[in-house]
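FYI, it's all coordinate maths here, none of it is from the lab. Every value quoted in this text rests on a predicted model; they were computed, and no experiment measured them. Glycine gets a Cβ as well: all are built from the backbone with ideal geometry, and neighbour counts include every protein chain shown.
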Amino acid sequence: MNKHSAQDAGNPAENHHASPLDEVVRTGAERLLEKAVEMEVESFLERYQYLMDEEGRRLVVRNGRHRERTIATGAGPLKVRLPRVRDRVLEAHDEPRFKSNLIPPYLRRTRNLEEFIPFLYLKGVSTKDFTEVLEKLLGREVPGFSAQQICRMKEFWREEYEDWAKRDLAIERYVHWWVDGIHFNVRLEEDARPCILVVIASREDGTKELLSVQDGFRESKESWRSLIRDLKRRGLKTSPRLVTGDGALGFWSALEEEFPETQKQICWVHKTANVLDKLPRNLQPKAKTMLRDIYMAPSRKEADRAFAYFVEEFSAKYPKAVKSLMDHRENLLSFYGFPAEQWSSIRSTNVIESTFATVRHRTRQTKGCGTRLATLTMVFKLAQCAQKRWQKMHGHEKIKDMIEGARFVDGIRTEDGSERKMTV
């Protein structure tokens, strides 16, 4: 196969022998989209069918179609022609004119493709290679994805990140934090190994929010302390009730200085991986089940018993694995002092892990370089897109009880409200 043939094979949009299945998917998507928009128009016209002129004719009616435009989607470029509606009369009635919720004005690409650009950057693809990659996936001359447009998009995102990083935090109270340091395969400096420090927080109503994205050096205490102090300078007045994070973070020392009253929860996902790494592969399934028995125990007493079983089983031959587990024993079980409905949310940093799972690397960076601000911006955009899919924290109905000082034992509220209230 010659060079041109190979390129044609890699570009379905330019290949006259493209897969029939691809064409079926694209055509089906266009028809489905057309039907959905037609239903929107019909619903809109029905809503205003009462508006008539003196001769009994409707004033809000169809008026042909708009020009055809192409929208870049995960199914490939889709050609659409939106219905046109004669609805200017609605302005006199203070009613909104027709606007499709499926295809807003000027839409040229779906949001999942906008998420793809930060993903490519954090995977080490340089800006100059974006166009080639997108052409392979979507075909040539896809609207909204020229090199110049991508650069403008990145510049806009950079300004958006800088404004977001300075926003006022005084109006919100954040009850739970999830923290982690993320390493990407983008080298920011020659002789350093920086990482991105990420904090996700839960508000009083249980809504999860991206609280902070900053760069740091090796997840050090100084880096985390700088991040926390920046949050305070921007109006953060209330200490988090609980923070979940990796046991190896320098974050905990910084937290002790800045918010000494905050309780700590070591992430069970990280801890399980660390313990299993110190055991032979043939024993890992058994050990993983025993670790799960600990954090899934319905009470602290039963968790302690499961701890003892693990120590008894592995301490003689694999003391490093046991030591790794026992080093953080108390902080691994902090969740028992919180509502049982919240346990699945606060036992791990899964909300961060799942967001960055596809681009995360805990190894040395590759040779591809990126600027500090560009990488921060791309992490911010990737998390911001993911934030729209985050569900409310489990058991968020109990957050009010916690703020008021309710005490929980084994996940159940007790009658003596002796636990100290949150600092305001």
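Numbers at a glance
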| read-out | value |
| --- | --- |
| Other-chain or far-sequence residues with amide H under 5 Å of Phe408's (modelled H) | Thr414 |
| Packing-based exposure ordering (other Cβ within 10 Å, fewest first) of Ile399, Ile171, Ile346, Ile412 | Ile171, Ile412, Ile399, Ile346 |
| Difference of contour (0.36 nm per residue) and Cα-Cα distance, Glu313 to Glu160 | 49.8 nm |
| Sequence-distant residues sharing a close amide H with Leu249 (under 5 Å, placed H) | none |
| Footprinting exposure proxy for Cys195, Cys267, Cys151, Cys385 (fewest neighbouring C-beta atoms within 10 Å first) | Cys151, Cys385, Cys195, Cys267 |
| Taking Ser100, Ser202, Ser344, Ser212 and counting other C-beta atoms within 10 Å, the order from fewest to most | Ser344, Ser100, Ser212, Ser202 |
| Amide proton proximity set for Thr207, modelled H, under 5 Å, gap of 5+ | Met393 |
| Calculated Rg and Dmax of the stretch 227-293 using C-alpha coordinates, Å | 16.3, 51 |
| Cα-Cα over 22 Å, subset of Lys288/Lys388; Lys208/Lys400; Lys271/Lys301 | Lys288/Lys388 |
| Difference of contour (0.36 nm per residue) and Cα-Cα distance, Cys151 to Ala357 | 71.6 nm |
